[in-house]
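Okay, structure first, notes after.
The values are calculated or read from the model by the stated rules, or taken from the named source; none is laboratory data. This one's a predicted model, so the numbers in the text were calculated from it and none came from an experiment. Using ideal geometry, Cβ is built from the backbone for each residue, glycine included, and neighbour counts are taken over all protein chains shown. Note: areas computed on protein heavy atoms with side chains; ligands, DNA, RNA excluded. Shrake-Rupley method; radii C 1.70, N 1.55, O 1.52, S 1.80 Å.
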Amino acid sequence: MKNTRRRRRESDIDLTRIATLLSIFFIIFRIGCLLRMIHTRAIIHEQKQKYGSQWLAYWQKDTSRDYPGQQKQTTLSASSLFVQYIPSPWERKWRSGIEEFVKTDSICHQLYYDSDLITQLFETTCTNQLKLKKEDNRKEDWCQLDDTTQQPLFFERLSGKIWGSRPSILQKVPSEVAKPIEVVSSANNNAIFSKFLYRDAQNKIIAIEYIEPLISRLRHPLDCCEMAYKKESILKKSPLIGCQVTQRLGTTRTHIIPPLRHQQYKQFHYFHVGNMLRNWNKNSKEYIINVWKRQGIQFDKYHIYETNVPLSDFWKGVPISEQAPLDYRNTGTVINVIKEIVTQTSPDDYVLLKVELSDNHDAELQIWNDLLQNRNHVLDYLDEFFYTIPIVDDTKYGIWYAKFSQLRGLGIRAHSFPNDVE
């Protein structure tokens, strides 16, 4: 009888212990839920502060959500007022992690996991639909990515294959028939491409303009990382050694998103400050002139400020048809381009500035400071900015990310431009 009572007491004790453990587990679970809710609310609050009325779309990862009626890039005018720059989720990943990626030498590793995003980038930036040769009956869907200055890339949509030279099964297509690049709002594109919002005088959102995200080494995403692309690629057949800007993707500009035609601007100005190659048609300017023309933008005047190219040599490479609107100055020293922009253009004009002073980083830094400080109200005049970052130290990428992000946040379409190659 005593043994039976003892077993019952021991059984009661075991049940009590189990009940106590369950209670402790439940309390821990509730605390965990509470902490998670607090963390969630903190993130939501951060998104609210960062993205304003659009925070919910980003928090829910509903990248298909957009402003009513804005399904593509929309024509802007000089009277359009900049509202906000919104970095894409892809850009936010790289902006927050670039210093760690550099420190751990994992840039290519990160791109490996971004292969699907890179595939969508190829899809959106296609400029030519390609046809198979008549004798070939294979069912493939190819397009060409052509920046008009480098060897085009060739993309097979069904498989995601990317080739660095034209496959023999494809017919040749001239660059002249390339179509403009236009980013249409979609869940995939909104996850990849960053954008600018604009409003009219009545505070109504009237336009969304897309731009390439700031990712990787601020050149083509796969530059120095061709092996990171998961899909089949002819680029993989030439393993890379080190990272040189003269490599295949180091100079291509197919990833850059140019603006569409700005019909309401009075004039279109191109400013260049730097050290140009002596032959006009072998300079990066050819890319901007050709691609912007493809987008419907033709410049009314070029302002070229050089420090080391004699005028007599420069004119030798300039086609006669382009000499009339050209203002060329061999300054010998770096000119105050901010002052030139403000005095030679108006806020009603479209102004593009390209800076490449590879041998004078102090002058480049001064131009950056003038832009970020809005000296002489230059941001009221400037629309587009191209800059070639010096490729000397990977640890500086975090600094360049911050500079480009800050300038975009001020409403300027700032692009990191690959180095020219002779």
Hey, rough spin-label estimate for LEU365 and ASP348, points 7 angstrom out along Cα→Cβ, what's it come to in nanometres? 4.0
Tell me, what is the FRET efficiency for ASP394 and ILE320 to the nearest 0.05, using R0 = 41 angstrom and their Cβ-Cβ distance as r? 0.40
Under a crude label model (7 Å from the Cα following the beta-carbon direction), how far is HIS377 from ARG329 in nanometres? 2.2
Integer Hz, Karplus 6.51/-1.76/1.60 couplings in order for the stretch 338-345, x for Gly and Pro: 4, 5, 5, 5, 5, 8, 9, 10
Loop-resident trypsin sites (Lys or Arg not before Pro) in the stretch 99-200 with no more than 14 other Cβ atoms inside 10 Å, DSSP not H/G/I/E/B, are LYS131, LYS133, LYS134, ARG138, LYS139, LYS172
Rank TYR198, TYR113 by accessible area, highest first, at a 1.4 Å probe radius? TYR113, TYR198
I need the phi-derived Karplus couplings for the stretch 190-202: 6.51 cos²θ - 1.76 cosθ + 1.60, θ = phi - 60°, integer Hz, Gly and Pro marked x. 5, 7, 9, 8, 7, 8, 10, 10, 10, 10, 9, 5, 8
Could you pull out every residue, at least 5 positions away or on a different chain, whose amide H is within less than 5 Å of the one on TYR328? Hs are placed 1.01 Å off N in the peptide plane, and Pro or chain starts have none. ILE304
Surface/4 of the Cα convex hull for the stretch 334-422, nm²: 6.1
Quick one: of LYS179/LYS301; LYS204/LYS266; LYS131/LYS195; LYS93/LYS172; LYS354/LYS396; LYS195/LYS354, which pairs are farther than 30 Å apart, Cα to Cα? LYS131/LYS195; LYS93/LYS172
Expected sort for 361-371, 81-91, 21-31 on mean C-beta neighbours within 10 Å, highest first, is 81-91, 361-371, 21-31
Kindly write out, for the stretch 18-30 in residue order, the coupling ³J(HN,Hα) from the Karplus curve 6.51 cos²θ - 1.76 cosθ + 1.60 (θ = phi - 60°), rounded to whole Hz, with x marking Gly and Pro. 4, 4, 5, 4, 5, 5, 4, 4, 5, 5, 4, 4, 5
So how far apart, in nm, are the two label points at SER358 and ARG199 if each is 7 Å from Cα heading toward Cβ? 4.4
Once LEU34 and GLN406 are pulled to full extension, the length gained, defined as 0.36 nm per residue separation minus their Cα-Cα distance, is 130.3 nm
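If you take the beta carbon distance between LYS103 and VAL177 as r and set R0 to 51 Å, what does 1/(1 + (r/R0)^6) give as a FRET efficiency, to the nearest 0.05?
Efficiency for this residue pair is about 0.65.
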